[in-house]
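The values are calculated or read from the model by the stated rules, or taken from the named source; none is laboratory data. The shown structure was predicted, so the numbers you read here are calculated from the model rather than taken from an experiment. All Cβ positions, glycine included, derive from the backbone under ideal geometry; neighbour counts span all protein chains shown. These area figures cover heavy atoms from the full protein model, side chains too; ligands, DNA and RNA do not enter into them. Shrake-Rupley method; radii C 1.70, N 1.55, O 1.52, S 1.80 Å.
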Protein chains: 2
Amino acid sequence: MNTKSSDFLEIERKFLVEELPVLADAIRVSISQGYLTETEDSVELRLRRADDARILTLKSGWGMTRKERNVALEPAQFDLLWPETEGRRLQKDRWIGPLPGGLRFELDIYHGALAPLRVVEVEFASEQEARRFVPPAWFGAEVTDDARYGNRVLVTAGLPEGE
Amino acid sequence: MNTKSSDFLEIERKFLVEELPVLADAIRVSISQGYLTETEDSVELRLRRADDARILTLKSGWGMTRKERNVALEPAQFDLLWPETEGRRLQKDRWIGPLPGGLRFELDIYHGALAPLRVVEVEFASEQEARRFVPPAWFGAEVTDDARYGNRVLVTAGLPEGE
């Protein structure tokens, strides 16, 4: 997870979770996030508190490659904007752990209205690397291009059918 | 102009300018601003540099009463987000001066593609005070509810017909 101010193209693939892996080598981050924008808006503005880090993220685009800018916020800045996310918030535990080939997984276990949803993401340095990736056995169906599993859709539409 | 972190309901009326007033008692602020959101989005996210102050403003609603939250940004935070406003920027000089009854005007003189547009705004403490306001002779037609004179429309649609 990137908690510094930065900007980059985010290349990642997202999967459901077939079974939980061993998490002995993983670290856990408690995440609360909310959206300043609506699902239909041209950009996504997200406020996230991850442990003690507070981040404003601007995302544009959909699917495997999205443009993303992260701005670290002071607590007072965060607190001023947070009320505007009411009705578009979620909470999850993120487990970050190693995968073969120097990659790492980010396994999200949702709480509240979105439980028992579990989703795992892997970020790549290039689209070529992303295409070559062979998911481990504990990964489930790929949902990278399934808008229903985007967090900004989940917060308003809830769990997809069948979850 | 409010350059501190704050939130409030913004109650204001906006007019065209019939003729420029005497500006001896007014102060001038040089403003560059750009939008992170598109005109159709549910909220407006604006980055503004006003002299040395840098502000992120979140607005919702239209017309006389809009909800507004202002967050003062550090230069590094501002610089990270500013590139995302490309194609949705404007520049203007704002003259802030006194009006009878303890009110003040904010006269905006647009530069670049939006010249020679001039617009004047007055902010009020209540909707009652706003309704009671009698514009001075140098004010022109009221455009409070005319979406064409909203800054986020001006930056993409340009000058309204006949300006």
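Amide H neighbours of B:Gly140 under 5 Å, at least 5 residues apart or on other chains, H built in the peptide plane: list them. HN-HN under 5 Å from B:Gly140: B:Leu16, B:Val17, B:Glu18.
Taking both sides together, the accessible area buried where B meets A is about 1900 Å² for a 1.4 Å probe. Specify which residue in the list A:Ala157, A:Ala125, A:Val17 is farthest towards the positive end of the charge dipole of chain A, using unit charges on the beta carbon of Lys, Arg (+1) and Asp, Glu (-1), about the Cα centre. Sorting the options by dipole projection puts first A:Ala125.
To the nearest 10, the accessible area of A:Phe133 is 30 Å² with a 1.4 Å probe. Note on chain B: with charges restricted to the Cβ of Lys and Arg (+1) and Asp and Glu (-1), its dipole about the Cα centre is near 240 debye. Between copies, the label points of A:Leu23, set 7 Å from Cα on the Cα→Cβ line, lie 6.1 nm apart, reported in increasing order to one decimal in nanometres. Amide H to amide H, with H built 1.01 Å from N, A:Val43 comes under 5 Å of B:Glu38, counting only residues 5 or more places away or on other chains. Looking down the axis that turns chain A into chain B, the chain A residue with its beta carbon nearest that axis, and the gap rounded to whole angstrom, comes out as A:Asp41, 2. Residue by residue through segment B:97-114, which ³J(HN,Hα) values in whole Hz follow from phi under the Karplus form 6.51 cos²θ - 1.76 cosθ + 1.60 (θ = phi - 60°), with glycine and proline marked x? These are the phi-based 3J(HN,Hα) values: x, x, 10, x, x, x, 7, 9, 9, 10, 9, 9, 10, 7, 10, x, 4, 9 Hz.
Quick one: label points 7 angstrom along Cα→Cβ at B:Glu161, distances to the other copies in nm, smallest first? Between copies, matching label points for B:Glu161 lie 4.6 nm apart. Ligands, DNA and RNA aside, B:Trp95 has an accessible area near 60 Å² when probed at 1.4 Å.
Computed on protein heavy atoms with a 1.4 Å probe, the accessible areas place A:Ile55, B:Ile27 in the order B:Ile27, A:Ile55, largest first. In the frame of its principal axes, segment A:5-156 has Cα extents of 43, 29, 27 Å, reported largest first.
Scalar couplings 3J(HN,Hα) for segment B:35-46, obtained by applying the Karplus form with A = 6.51, B = -1.76, C = 1.60 to θ = phi - 60°, are 10, 7, 10, 8, 3, 7, 5, 6, 10, 10, 10, 10 Hz; x denotes Gly and Pro. Pairs of Lys residues in chain A, spaced 8 or more positions apart or belonging to different chains, with C-alpha separations under 19 angstrom: 6 in total. The order of B:Glu86, B:Glu123, B:Glu38, A:Glu121 by accessible area, most exposed first and with a 1.4 Å probe, is B:Glu86, B:Glu123, B:Glu38, A:Glu121.
Ranked from largest, the principal axis spans of the Cα set of the protein assembly as shown equal 76, 37, 32 Å. Each copy carries B:Asp79; placing its label point 7 Å along the C-beta direction from Cα gives inter-copy distances of 2.9 nm, listed from smallest up.
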